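Since the structure comes first, as C-alpha cells, the remarks are kept for the end.
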Amino acid sequence: MVSDGNLTDTAYYEEYIWAGNAPVADFEGIPTTVVVGGYANFTSLCTGEELTYNWTFEGATPDTSTAANPQEIYYLIMADSLYDVTLIATNVFGSDTMTKADYIHTIPDGINENSLNSSVVLFPNPSTGTVHLTLPANSKTEITVLNLLGNKMYSTQLNGSGLIKLNNLTKGVYFVRITDKTTGETIVKRLILN
C-alpha cells in the first residue's frame, strides 16, 4: 500500500510467495546382488513434493528412467561386476543427487559339465529370424527375448534343443535369456537380427 497523503493505492497478490522444501534424494534396490540375466526393482525414498526423477543405471538395460519406482532393470553383461546407481530428484525448489557406488553386484552362474553355460549354442547369429538353440538333453527351459530396453518381445518354453522363430521382430540387437526351469540357472546370449 502506498500513499502521498492525499491518494492511496494498493496492490494485492494472492498466493504470491510459495514456500516449500528442496528434495532430498534416496532410494533402494531389490535385490542388490543380481544373477546375470536377472533384474532389480528400484524404489524412490526421496522427500519433497511434486518431484521429477532421473535415474541412471550403470551397466543395465534400460540404463535410464524417469519413473518414480523403476521396475525390471535388467543386468545382462556377462561378468562379476559392481555397478553404480544414480538418482536425481528435482522440484521447483531445487534438486538433489544420490549416487550409490558399486550398489549392484552382478554374479555369473556357476559352470559345471551340465551347465547351460557350457552347452548352449545359438545359431545362426546374426539371423534372419529363425534361430536354433542347442540345449542339454532333457532340459526344460524358458526362453525370453528382450530388446535393448529390457522389454519382453518373445517368450516360449523348450524341452531339449529346438528353434525359435523371430521373423516378426524388427532388425536390431536383442538378448536371449535362457532359464533352466529345474535348476534356476540363467544365461543371456546376444542376438543380432538382420
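Loop-only check: which GluC sites (Glu not before Pro) in the stretch 46-75 are DSSP coil with at most 10 other Cβ within 10 angstrom?
Counting only loop positions with at most 10 other Cβ atoms within 10 Å, the GluC sites (Glu not before Pro) in the stretch 46-75 are Glu49, Glu50.
State, to one decimal in nm, how far the label point of Asp84 lies from the label point of Thr56, with both points 7 Å from Cα in the Cβ direction.
For Asp84 paired with Thr56, the spin-label model returns 0.6 nm.
For the chain, what is the relative contact order in percent, using Cα pairs closer than 8 Å and at least 6 residues apart in sequence?
Relative contact order here is 17 percent.
Among the lysines, select those whose C-alpha is under 27 Å from the C-alpha of Lys140, and discard any that sit fewer than 8 residues away in the same chain.
Lys152, Lys165, Lys181, Lys189
What Kirkwood radius, in Å to one decimal, follows from the Cα pairs of the stretch 116-193? Numbers along the way, then the final one.
Working: mean 1/r = 0.0807 Å⁻¹.
Value: 12.4 Å, from the Cα pair sum.
What residues qualify as long-range amide H neighbours of Leu76, i.e. H under 5 Å apart, gap of 5 or more or another chain, H built at 1.01 Å from N?
Gly37, Thr61
Report the extension gain between Glu15 and Thr43 in nm, rounded to one decimal, defined as 0.36 nm multiplied by the number of residues separating them, less their alpha carbon distance.
Details: separation 28, 0.36 × 28 = 10.08 nm, distance 3.32 nm.
Stretched out fully, the Glu15 to Thr43 stretch lengthens by 6.8 nm.
Is there a quick way to get the dipole size of the stretch 116-193? I mean about its Cα centre, with the Cβ of Lys and Arg at +1 and of Asp and Glu at -1; what is the value in debye to the nearest 20?
Dipole size: approximately 180 debye.
Using only C-alpha atoms and all pairs of different ones, pull out the Kirkwood radius for the chain in Å with one decimal.
Over the chain, the inverse of the mean reciprocal pair distance is 19.7 Å.
What FRET efficiency would be calculated for the residue pair Leu163, Ile77, taking the C-beta separation as r and a Förster radius of 22 Å, to the nearest 0.05?
Numbers: r = 26 Å, r/R0 = 1.20.
Using R0 = 22 Å, I get an efficiency of 0.25.
Starting from the Cα of Thr64, step 7 Å along the direction of its Cβ; do the same at Asn138; then give the gap between the two resulting points in nm.
5.0 nm
In nanometres, what is the gap between the two model label sites at Asp26 and Tyr154, each 7 Å from Cα along Cα-to-Cβ?
Each label point lies 7 Å from its Cα, and together they span 4.5 nm.
Pairs of Cα atoms under 8 Å, at least six residues apart: use those to get the relative contact order of the stretch 27-107, whole percent.
33 percent
At what distance in angstrom do the alpha carbon centres of the stretch 72-89 and the stretch 44-63 lie from each other?
Using only Cα atoms to place each centre, the spacing works out to 13 Å.
In units of 2.2 N^0.38 Å, what is the alpha-carbon radius of gyration of the stretch 27-107?
1.08
Only the coordinates and a few stated rules stand behind these numbers; no lab work does. Please read these numbers as outputs of a predicted model, since none were measured by experiment. Here Cβ is always computed from backbone atoms with ideal geometry, including for glycine, and neighbour counts include all displayed protein chains.
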